[in-house]
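S.K.: I have a structure here, written as structure tokens, and I will follow up with some questions on it.
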Amino acid sequence: MTEPLPPEDIVENDLPPSGLGARLRNYFLTGLVVAGPVAVTAWLITAFVTWVDNWVRPLIPEAYRPETYLPWQIPGSGLVIALVALTLLGFLTANLVGRTLVQLGDKLIDRMPIVRPIYKTIKQVFQMLFSKSGTSFRKVGLVEFPSPGMWSLVFLSQPPSHDVASRLPGEGDQISVFLPWTPNPTTGFFFYVPRSKIIDLDIPVEAAATLIMSAGMIQPGAHSESTNGMPAMAAAARAAQIATQAHQKEPVKEM
């Protein structure tokens, strides 16, 4: 009596009966799932550290560089120096003398016609993103866009200023929203919409960004399913091996 074959949805039907191709494929995919994220993460971190080092190292006198006293170059030394310098700059700016110097610098930039709008816009963006009191892009919602019956994810921003809100048609509170594009969420549409037209979602901004970048393939709350991907592939490989053994044990029918 032969062993029962696994369900058809576990063993891929387009592979040869031997099942060797199925096992090798699942082993390869399992290894790719394990090594791929680690390799990409390591590459991104290395690229960022190298970029900061190359940007900071020329600003440091050669006598103070670690490679001057060591036979090899220490990766990340520029990043450490940049973190220390920014922390020291924030400490100096927090006192009265530092605030006075910053105000003098702002007044000087205000007299530069071309530099002034660029500097002010970038400064406001940085203050909004890194300020403790900022509420930018901390909530996610749904807006009926681009046509009735179609819904899009949006990031909720600040309410419009009084000058803008007083000229917007309709009644009720308005809010600024950003509708990101797929697969690049850093670009998209910005518009004002009545607060009553937005459906609030109880998901973090990071999960919404992942959903947009993956074009819906990675849904919020599906983390447990994604972590079970490797066991599922291993189970498929074992199922293919069982099918191979069952095929080999089947008696040859005489003609």
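S.K.: Suppose every K and R has +1 on its Cβ and every D and E has -1 on its Cβ; what is the size of the dipole of segment 135-222 about the Cα centre, in Debye to the nearest 20?
M.R.: 80 debye
S.K.: Val49 to Glu144: extension gain in nm, 0.36 nm per residue of separation minus the Cα-Cα distance?
M.R.: 30.0 nm
S.K.: Going by average Cβ density within 10 Å per residue, which order do the peptides 193-205, 86-98 take, highest to lowest?
M.R.: 193-205, 86-98
S.K.: Okay, next question. Treat each spin label as a single point 7 Å out from the Cα along the C-beta direction, and report the Trp181 to Ser166 distance in nm.
M.R.: In this crude spin-label approximation the distance works out to 3.6 nm.
S.K.: Using packing as a proxy for protection, rank 173-183, 47-57, 113-123 so that the peptide with the highest average count of other Cβ atoms within 10 Å comes first.
M.R.: 173-183, 47-57, 113-123
S.K.: Work out the FRET efficiency for Phe126 and Asn95 from their Cβ-Cβ distance, taking R0 = 22 Å, and round it to the nearest 0.05.
M.R.: 0.60
FYI, it's all coordinate maths here, none of it is from the lab. Only a predicted model underlies this, so the values are computations on that prediction, with no experimental measurement involved. Neighbour counts are summed over all protein chains in view; Cβ atoms, including those assigned to glycine, are modelled from backbone coordinates with ideal geometry.
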